1. List the relative contact order of the chain as a percent without decimals, with contacts defined as Cα pairs under 8 Å and 6+ residues apart.
2. Could you size up the charge dipole of the chain around its Cα centre, putting +1 on the beta carbon of Lys and Arg and -1 on that of Asp and Glu, and report it in debye to the nearest 20?
3. Order the following by accessible area, largest value first: 106, 99, 60. Probe radius 1.4 Å; ligands, DNA and RNA are ignored.
4. At 222 nm, what value in deg cm²/dmol follows for the chain if DSSP H runs of at least 4 each add -39500 (n - 2.57) and the sum is divided by all its residues, to the nearest 500?
5. What would the Debye equation give as log₁₀ I(q)/I(0) for the chain at q = 0.09 Å⁻¹, counting only Cα atoms as equal point scatterers?
6. Using only Cα atoms, tell me the angle between helix 102-112 and the longest principal axis of the chain; keep it within 0 to 90° and round to the nearest 10.
7. Given 35, 73, 53, which one lies farthest toward the positive end of the charge dipole of the chain, if we put +1 on the Cβ of every Lys and Arg and -1 on the Cβ of every Asp and Glu?
8. Considering amide H positions built from the backbone, and no H for Pro or chain starts, which residues 5 or more places from residue 72, or on another chain, come under 5 Å of its amide H?
Amino acid sequence: MNDRVAYPRHPAHLDAYVEVLGYETAISFLVMFGGCQLYFPTDPAGRSAAEALIGADRLKRLGAMMRDPKTEIPMPKTWLIRALRAEGYSVAQICRALKTTTTNVKRTLREAGDEPMRKPDPDQFSLF
């Protein structure tokens with residue numbers, strides 16, 4: 001875990017990923033495989049993209065924590081938006097990584113309190 005980054009609290013269903021992989025690698029793993037079904041072999045043979053990313057040992061440990069060897073990986077976009085922002089990603093970089101819109105990213109950050117509200121322009125007239 002990067003000690004300099006204050007990651008937002010992750011949802012409980014991500015405990016296994018964060019515990020086994022740590023925050024940085026869990027984020028990369030979820031961005032790459034989130035929303036997909038993934039097979040966790042008991043004896044990895046070095047042929048999968050997941051194993052290339054996290055290594056055979058961590059793939060086996062993570063697989064041991066899953067209910068079924070063939071598991072759908074969650075895609076927690078709200079948490080990923082906040083976590084990537086905590087790592088210093090720009091709104092545009094987050095949009096490209098998660099295949100989402102700037103409106104969605106900005107709204108998520110604003111609602112979570114991770115982005116300050118824009119101050120009103122003193123030169124603009126109020127309509128109300």
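1. Result for the chain is 25 percent.
2. 240 debye
3. So the residues, ranked largest to smallest area, are 99, 106, 60.
4. Roughly -14500 deg cm²/dmol at 222 nm, from the helical runs in the chain.
5. Ignoring solvent entirely, the Cα scatterers give -0.33.
6. 90 degrees
7. Sorting the options by dipole projection puts first 35.
8. When sequence neighbours closer than 5 places are left aside, the close amide H contacts are 38.
The values are calculated or read from the model by the stated rules, or taken from the named source; none is laboratory data. Being a predicted model, the structure only gives us computed values, none of them experimental. Backbone-built Cβ (ideal geometry, glycine too); neighbour counts: all protein chains shown. In case anyone asks, the SASA skips ligands and DNA or RNA and just uses the protein heavy atoms, side chains included. Shrake-Rupley method; radii C 1.70, N 1.55, O 1.52, S 1.80 Å.
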